[in-house]
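Engineer: Provided herewith is a single structure, encoded as structure tokens, for subsequent inquiry.
The values are calculated or read from the model by the stated rules, or taken from the named source; none is laboratory data. In this text, all values refer to a predicted model and were calculated from it rather than measured experimentally. In this analysis, Cβ positions are derived from the backbone assuming ideal geometry, glycine residues included, and neighbour counts consider all displayed protein chains. Accessible surface areas use protein heavy atoms only, side chains included; no ligands, DNA or RNA. Shrake-Rupley method; radii C 1.70, N 1.55, O 1.52, S 1.80 Å.
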Amino acid sequence: MMGRVIAEQTLTGFLLANDDIQLTINTQDHPFHEEYFAKDTEGRWSKILQGGNCGEQGASLVIHLEPMHASLVPEHVEVNRMSSGEASLEIDFAVDEIRIHESIRLGVDEEFFTFQITVEQPRPVGPQSVVNLFTFFPDGQMSGATDFTWTPALRPELGDVIADHALRSPAIVIHKSMCTAVLIPDVLQLEAERRVKTSADLDLDQQEAPLLSYGLRDWIGREHTFYKHLHTMTLPASQTPFRYGLKLLLSRRLSQDDLLTEVSSFLWRRVGRVSLAAHPPFGREQMEQDCTQAWENATSNLWVDFSDSGNTRGGINTGRLHWSNNTENSGDVWFDCWMQSLHTGFGLYLYGRRHGRQDYMDKALATLHLALAAPQHEGIFPTIAYKEKGSGRIQWMPDSGWAGHPDFFHAMDCSWTGYWMLQFADEVPSIRQAVADFCIPYARFLLANQKDDGLIPSWYDRNLQPLVDLLYDVNAETGTSALFLVAMANATREAKYLQAAQRALEFIERRVIPTGYWFDHETFYACADKEFDFYDHHTNQPPQNTLSMIHTAMAYWELTCTLKHYKHLENGIRVLSRLAMYQQLWSPPYFSIPTFGGFGVQNTDAEWSDARQAYCANLFYNYFSVTGNEEYRQRAVSALRAAFQVAPAENWAHDLHDGPGAEDCFHWGIGSAAAAAAILTHRHGQEALIG
């Protein structure tokens, strides 16, 4: 039976409803009281939200115009029924000279309301903000407790907001006891017209019940990691109306486990696919040209020869050691989780083989042989090779001094390096024994240091003791070692490695996936440094980083391919769905490059289109290959496109301004993009490059 939309004036006010959700407006007992309901699986209605602040009963539309900060009472409400079956409530407000029109629309089979707000503001000094504000009332109960929240950025201090700059995937999610509300700012409208800044908010710390909001509310950056609204900020006078929009998705049927999968898919259908169709495709010929130029430049101008005693070794220069570790050198090659020379080298090998360039293949293998020359200490090894300035002697350093610990061995870097060694071994039979001789001692080291709960510690001192004060209890870097161990199990057919990988992922399932504690070194070091006990009580979230999500989702995919068990695929999709919430589904109009499809770094940093999107391209395509889910293929193609559009820079708008981030090195920029294209082509064919 075809559903229907009810839009009518009632004895107590107004009703806008379909078979799944409804909005009731009470104008009899209150000036204008909005309540939002969703139907559960047994057909019962449950209250999810109400308009305005929890201490008031009013409209969701709130204006802050000194000294007033309150919900508005409309002058006029009109019911509008459309031939398409949709219906809307058209509501007019006025405050002094300011006039506001709000349209709330509902379709037949939609589980969301669509809001469009138009603000005419002629006053010399305008309001501080005009926003839609909702109080979360799960099952009609006022409670500050929630089961799950998600925001694109954290807002840990009073006065902080979630700036539109942070709305890569635009959603504010709150959930308790099967009651879900998702506020979705209309970023496509922002892309078409952003005359003033907007911001969202979620606050569980200052009120009796959680508040979520979005609208015209200015902001400034705070330490390029957070955003603050100042009370001195006001809406400027304008002869042209200001506009903003949002969707309000309501459900009484979603479980916490499936929440981000449903929300990320909804966002892709409603926002991502529109952007994909609107942005011209990045052609295969252009991508091939960029790759050709990148490889030629790197192998001709950036190559560092590390050959000694008749052993051919080398690598494409990373060029960071002089500032990250304050170590002068005449060339440095890194094998870490960012500047992974074996990922680049593997891409160079595949590109050279496909194009008949033996010189490229030889240099790729020379890079592998350099990594295999790292001095091992009961298996673990340093990951930065460099040549001393002057003497030319080859030296090794355990870790980066900028976002790591230069005197300690880092398992995340070593496991990531070992994984790419094994990828080489799959393609080049002649080096399999050398790779096995190197990787087996390291795998044994991981097994010896794996804790009873499955966690694998991150850092080890010169005595090979784990550092118990650094990511020792909650550590999402465990997922990187799980990825390596699954690959080791496949290479050696030894069950002990597979069992250790499963134990590591069981730790992730218990301690990381349900809590959102995606802690890796980048979460706390690098340019968004913070204390290990940092927590945002306003949104009820910890900091989290995408690097460990990428590696863990890869581990689940590898385990799924190995064991053919749906449980591992299901967990992988849960991780992938959280990662998808960091993908950029639009291109802000204040950026001078297209950013759609790229990835952010974490919920406490500002950059767009970070170089890790090259890894995401292959990751999402791998999940498409085992699920057939077209969304994953489209996300993969979009991520790869973004990787080339930001190159050679590492990222965009790192300091909140339009412009490239550092051109850090070949391996974390155009090199990682070119390698991703080569790997994607090798595994899935040329058509995968452009979809």
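Engineer: In segment 439-460, which residues have a backbone nitrogen under 13 Å from the label point lying 7 Å from residue 376's Cα in the Cα-to-Cβ direction?
Structural biologist: So the set is 439-447.
Engineer: Please tell me which of these pairs span more than 32 angstrom C-alpha to C-alpha: 496/567; 247/564; 228/451; 39/567?
Structural biologist: Pairs exceeding 32 Å: 247/564; 228/451.
Engineer: Ignoring everything except DSSP H segments at least 4 long, calculate the 222 nm mean residue ellipticity for the chain; use -39,500 (n - 2.57) per segment, divide by total residues, nearest 500.
Structural biologist: -10000 deg cm²/dmol
Engineer: If you don't mind, there's one more thing I want to ask. On the protein heavy atoms, probe 1.4 angstrom, tell me the percent of accessible surface of segment 475-572 carried by carbon and sulfur.
Structural biologist: 50 percent
Engineer: How many angstrom separate the Cα center of segment 284-349 from the Cα center of segment 44-79?
Structural biologist: 58 Å
Engineer: Ranked highest first by average number of other Cβ atoms within 10 Å, how do 297-304, 162-169, 340-347 line up?
Structural biologist: 340-347, 162-169, 297-304
Engineer: Ok, one more. Starting from the Kirkwood Rh over alpha-carbon pairs, what translational D in µm² s⁻¹ does segment 235-297 have by Stokes-Einstein at 37 °C and 0.692 mPa s?
Structural biologist: Using the Kirkwood radius from Cα pairs, D works out to 197 µm²/s.
Engineer: Report, in whole Å, the centroid distance computed from the Cα atoms of segment 458-484 and segment 137-177.
Structural biologist: A separation of 31 Å, based on Cα centres.
Engineer: Further, regarding this structure: Using only C-alpha atoms and all pairs of different ones, pull out the Kirkwood radius for segment 610-678 in Å with one decimal.
Structural biologist: Value: 12.1 Å, from the Cα pair sum.
Engineer: In µm²/s, what is D for segment 164-219 at 4 °C and 1.567 mPa s, where D = kT/(6 pi eta Rh) by Stokes-Einstein and Rh is the Kirkwood radius from Cα pairs?
Structural biologist: The diffusion coefficient I find is 104 µm²/s.
Engineer: Give the distance, in whole Å, between the Cα centre of segment 185-220 and the Cα centre of segment 675-691.
Structural biologist: Here the answer is 38 Å between Cα centres.
Engineer: Using a basic spin-label model with each label point 7 Å from the Cα along Cα→Cβ, how many nm lie between residue 658 and residue 69?
Structural biologist: 3.3 nm
Engineer: How do 572-580, 62-70 rank on mean C-beta neighbours within 10 Å, highest first?
Structural biologist: Final packing ranking: 572-580, 62-70.
Engineer: Can you tell me the length gained on complete extension of the stretch residue 292 to residue 220, counting 0.36 nm per residue apart and subtracting the Cα distance?
Structural biologist: Additional length available on full extension: 21.8 nm.
Engineer: Kindly rank 499-507, 81-89 from highest to lowest mean number of other beta carbons found within 10 Å of each residue.
Structural biologist: Top of the packing list down: 499-507, 81-89.
Engineer: Let me ask another. Bin by bin, in steps of 10 Å, what percent of the Cα pairs in segment 562-644 do you find, going until the bin that has the longest distance?
Structural biologist: Per 10 Å bin, starting at 0, the Cα pair percentages come out as 18, 48, 25, 7, 1.
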